[in-house]
Amino acid sequence: MAPKGTAKGYGHPALSEVDLVTVLSALAEPTRLRIVCMLAEFEGERAWKDIELPIAQSTLSHHLKILRNAGLVQNRTEGTRCFVSLRDQEFEGRFPGLLETVLSCRDGH
């Protein structure tokens, strides 16, 4: 049974098990970096439908899965709606300053 507040099949890794190479690989793809920037600007959770990118929902789902597996985001369902948010505070404890540095170096997109 899935933990309360998560969709069946969503597994959020313990950040202690996430390595730096996985995180940097996830952030190296421009669409995923854009998603992380959007979530950081919003400062909270967003419904998947509110993530406005010119990509198919299946592609968005794929990118969010990679970000989730890298420990950067967490997903939650409520009824038929899915929400996503950054794990920024937890992430800061595991990789101090990394997310802030990556977001500050983002080239204005």
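Comparing Trp48, Gln89, Leu15 along the charge dipole axis of the chain, the residue lying farthest to the positive side is Trp48, per the Cβ-charge model. Computed on the chain, the Cα convex hull volume stands at 105 Å³ per residue.
Read-outs: derived from the displayed coordinates by stated rules, not from any lab. All figures in this text were calculated on a predicted structure; none of them were measured in a lab. For neighbour counting, all protein chains shown are included, and Cβ atoms are generated from backbone atoms with ideal geometry for every residue, glycine included.
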